[in-house]
């Protein structure tokens with residue numbers, strides 16, 4: 001298995017089928033791939049929809065948490081279960097465009113020094129208040145962590161599975177994957193990507209909720225940065 005596409009979802013019954021079929025179309029030229037949707041304790045019929053899709057879409061693997069554990073746990077569950085050497089992640093609301101996947105994969109494969117390629121949304125399709133909150137949050141985070149990222153909230157990314165498995169896990173870590181990859185000695189490339197209006201439903205997050213969680217998490221990531229001895233090549237003698 002070459003590529004595993006991992007999508008965490010929570011109460012996205014009206015989005016998962018269209019998104020899964022778009023991913024299938026985007027992966028049509030890959031010789032070997034799988035699509036993993038991780039249902040993070042949905043209660044709206046998402047579970048039943050994913051079970052049905054398993055028989056409709058080739059290489060489709062639905063996984064489910066028995067209760068809601070958060071987006072980072074959904075990603076970690078999917079990545080640990082994945083069979084691919086390369087992971088592609090997308091958000092489950094349909095705002096990330098699966099048509100961008102081939103470009104991210106080409107960039108990751110073409111630049112051997114990269115551990116990750118992270119999408120940068122060119123034209124945000126969010127409310128003005130959310131765009132402002134994101135812009136201010138990114139500036140503060142970049143000043144503290146120095147990761148050079150301008151859009152850490154973009155869910156579409158491509159990276160080596162082995163690189164992710166080296167990272168320390170904590171809730172909300174998905175917002176700091178760029179800084180964590182760099183901490184472990186990997187280079188991160190940034191790729192402009194499309195951004196679309198939400199297909200259906202509404203966001204699970206509020207601006208205030210993001211802010212309160214982010215402050216504690218950023219300080220924790222900064223602590224991790226200062227206490228890592230750096231990447232070391234190991235040779236068996």
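The values are calculated or read from the model by the stated rules, or taken from the named source; none is laboratory data. This is a predicted model, so every value here is computed, not measured. Note that we place each Cβ from the backbone using ideal geometry, even for glycine, and neighbour counts take in every protein chain shown.
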If residue 144 meets every condition in (1) closer than 23 Å to residue 113 by Cβ; (2) in contact with a helix residue (DSSP H, G or I) (Cβ under 8 Å, 6 or more places away or on another chain); (3) modelled with pLDDT under 85 apart from one, which number is that one?
(1)
Within the bounds of the range 1-21, is there any residue that is assigned to a loop (DSSP other than H, G, I, E, B), more than 15 Å from residue 94 (Cα to Cα) and touching a residue at least 40 places away in the same chain (Cβ under 8 Å)?
yes
Looking for something surrounded by 20 or more Cβ atoms within 10 Å (Cβ to Cβ) and closer than 12 Å to residue 38 by Cβ - is there at least one such residue anywhere in the range 92-107?
yes
Test: residue 39 is farther than 20 Å from residue 99 by Cα, without any contact (Cβ under 8 Å) to a residue 40 or more places away in the chain and assigned to a strand (DSSP E or B):
yes
Of the candidates 44, 93, 39, the one satisfying the condition of being at pLDDT below 95, in contact with a helix residue (DSSP H, G or I) (Cβ under 9 Å, 6 or more places away or on another chain) and closer than 18 Å to residue 12 by Cα is 93
